[in-house]
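What follows is a single structure, written as structure tokens, with notes after it.
Bear in mind these aren't lab numbers, they're just calculated from the coordinates by the rules spelled out. Since the structure is predicted, the reported quantities are computational estimates derived from the model, not experimental observations. Here Cβ is always computed from backbone atoms with ideal geometry, including for glycine, and neighbour counts include all displayed protein chains.
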Amino acid sequence: MTIFTSLHLALRFMFPSKPEAAFSDNSFANKSPAKKNVFAAMICVSLSLVPLIVVMVFSDSMIKGMTERIIELSTFHLQSIQYKAQPNTTENINQLKNLANKIDEVDGVEGTFIERTGMALAAGKKERSGATIRAVETTLFDENESFRNLFEVKDGVLAFESEKSTIIGSALAEKTGLAVGDTLRLITMRTLPNGKTVPKTASFTVCGIISSGYQELDALWVFVPLESGFEFLSSNVSRMLIGIKTNDAFSKNLYEIQEQCQEIADSGFGVYNWKELNYSTYETFNTTKMMLLFIMFLIVLVASVNVSSALIMLTMEKRKEIAILKAIGASPSKLQLAFVMTGFLTGLGGVILGVPLGILCAIKSNEIIRFIEKTVNIFAHIGYTVSHIGNDSYIDNFVSINLLNPEFYLANIPITVPFVEVFAISAITLLLSTVVSLVPAYKATGEKPLESLRKI
């Protein structure tokens, strides 16, 4: 009995022949309970793969989109941070520009951008809110491709119109009630020579409202011209830095570029990569993803157990065929291999059905979420309206339900399918289906042929 014979027998177990075929009677026809159990196990495997793949693709795309915005728009790939600012603004800017020009010559560096950043209180028409002031060069929005591509202009323009103009995030604009043309007042602190701390204010005209699609960032950012930021932000509440953009933030060469930039910078600067600057955030993202995948993997594990249960039923139903095959000289190992192959084929069928369906659902996840939100909000609005009949003042107070709170998640997920991880999940599923079939396969050939025939 060869391996091909075992494979043929496994196919016969899954697809029984007509009753008139060899080793068959009516109980082993196509409508046998064991066959139904095997195909039910196959469906269970496929259905368990769908949420696993959707969660993997969705979380991976979500994390990738959020990380991309943090890296490209916030911390850059590398940062050369100045430990102590020069007292003279012009000298400080010239020092940063000279260092930026030297870093530009490093192989792998695509651009450098001088910035001064600090915290302030932003006051608008409605209320006040904490904000991160980013004093940047006027050419940043033109020269940095990521700023052009990842920022969506909601209103106004993506450029400074004057030294007293500002570009703010859409979430901050909504919270403070500001629109293009309005005046934004910024309040920060400065320390006097005698050691006293007093407030310092400045007014800017809003010339643009932008959105990165990530409200956690949009709710903080206030961009102002570099020179205005140097005048407004004092050194004790801000820091000076050079944002460094490389050809690939995830390249292994990033650490080499970091070392070269550190060698160029003097002792008054420290060069850090984006992983060091966002360590806690990045680790939180990865931990959340791993926990979600672990939970989904448990579903696949349970589905694989169903394969084992189905094979146990199959061995009980095929006891007569097994006994006859052993009586005519079939080796137990090849019979065991036939059942193992049956488990493998069951898992393979589940993978063939589940993986494409999971990928399709993942690709359409944005549309699926919007459809579910619309459906839920329709019924929720109807229920809210019915519960407030006779009290019209409350009808307009209905708040829409969001499955993914835009304050913490991306408004639109840029879906990308990690095919390497999909292949790994498929391989693990096939391995599990094969492993769980070992016990039924061993038990199927454990009895002697005569004992099996007596029990039939």
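Roughly how big is the chain's charge dipole about its Cα centre, with Cβ charges of +1 (Lys, Arg) and -1 (Asp, Glu), in debye to the nearest 20?
Dipole about the Cα centre, nearest 20: 2520 debye.
How much length, in nm to one decimal, is gained on full extension between Asn253 and Asn405, taken as 0.36 nm per residue of separation minus their Cα-Cα distance?
So the extension gain works out to 51.1 nm.
For the residue pair Ala380 and Thr138, what label-to-label distance in nm results when each label sits 7 Å from Cα along the Cα-to-beta-carbon direction?
Output for this residue pair reads 4.6 nm.
What list do you get for Glu367, Glu276 if you sort them by fewest beta carbons within 10 Å?
If I rank by nearby Cβ atoms, fewest first, I get Glu367, Glu276.
Among Thr89, Phe151, Leu337, which residue has its Cα positioned farthest towards the positive end of the charge dipole of the chain, with +1 placed on the Cβ of Lys and Arg, -1 on the Cβ of Asp and Glu, and the dipole taken about the Cα centre?
It is Leu337.
On full extension of the chain, what length is gained from Glu263 through Tyr442, given 0.36 nm per residue of separation minus the C-alpha to C-alpha distance?
Roughly 57.9 nm would be gained on extension.
Could you tell me the distance between the Cα centroids of region 319-382 and region 252-308, to the nearest Å?
With region 319-382 and region 252-308 each reduced to a Cα centre, they are spaced 32 Å.
What residue among Thr315, Thr176, Gln215 has its Cα farthest toward the positive end of the dipole of the chain, where the charges are +1 on Lys, Arg and -1 on Asp, Glu, each on the Cβ?
Thr315
Mind checking the full-extension length gain between Phe419 and Ser333? Use 0.36 nm per residue of separation minus the Cα-Cα distance, one decimal, nm.
Result for the pair: 27.4 nm of gain on full extension.
Starting at the first residue of region 149-156, write each ³J(HN,Hα) from the Karplus equation 6.51 cos²θ - 1.76 cosθ + 1.60 with θ = phi - 60°, in whole Hz, x for Gly and Pro.
So the Karplus estimates, Gly and Pro as x, are 8, 8, 8, 10, 7, 7, 7, x Hz.
Which residue, chosen from Phe398, Ile359, Gly65, occupies the Cα position most advanced towards the positive end of the dipole of the chain, where the dipole is computed from +1 (Lys, Arg) and -1 (Asp, Glu) charges on Cβ about the Cα centre?
The one lying farthest along the dipole's positive direction is Ile359.
Trypsin sites (Lys or Arg not before Pro), restricted to region 67-171: which are DSSP loop and have at most 12 other Cβ atoms within 10 Å?
Lys84, Lys125, Lys126
So what is the calculated 222 nm ellipticity per residue for the chain, using -39500 (n - 2.57) for each DSSP H run with n of 4 or more, over all residues, to the nearest 500 deg cm²/dmol?
-17500 deg cm²/dmol
Report ³J(HN,Hα) in whole Hz for each residue of region 240-250, in order, from the Karplus equation J = 6.51 cos²θ - 1.76 cosθ + 1.60 where θ = phi - 60°; Gly and Pro get x.
Rounded to whole hertz, the list is 9, 8, 10, x, 10, 9, 9, 6, 7, 5, 9.
Work out which helices of the chain, taken as complete DSSP H runs, extend at least 18 Å along their axis over the Cα atoms and score a mean Kyte-Doolittle of 0.0 or more, then list them.
Once both thresholds are applied, what remains is 33-70, 279-317, 332-363, 365-387, 419-435.
In percent, how large is the relative contact order of region 84-267, given Cα pairs closer than 8 Å and 6 or more residues apart?
32
Please give the Cα centre distance for region 181-214 versus region 42-104, rounded to the nearest Å.
If you average the Cα positions of each part, the centres end up 25 Å apart.
Could you give me the ³J(HN,Hα) list for region 222-236, computed from phi with Karplus coefficients 6.51, -1.76, 1.60 and θ = phi - 60°, whole Hz, x at Gly and Pro?
Karplus-based 3J(HN,Hα) across region 222-236 equals 10, 8, 9, x, 4, 4, 5, x, 5, 6, 7, 8, 7, 5, 7 Hz.
Which lysines have a Cα less than 26 Å from the Cα of Lys245, not counting those fewer than 8 places away in the same chain?
Here the lysines satisfying the reach criterion relative to Lys245 are Lys64, Lys84, Lys97, Lys102, Lys154, Lys275.
Under the definition of Cα pairs under 8 Å and six or more residues apart, what whole-number percent is the relative contact order of the chain?
Relative contact order of the chain: 26 percent.
With N residues in the chain, what two-decimal value do you get for its Cα radius of gyration over 2.2 N^0.38 Å?
In units of the globular-protein estimate, the chain measures up at 1.44.
For region 84-267, go through all pairs of different Cα atoms, get the mean of 1/r, take its inverse, and jot down that Kirkwood value in Å.
So the Kirkwood estimate lands at 17.4 Å.
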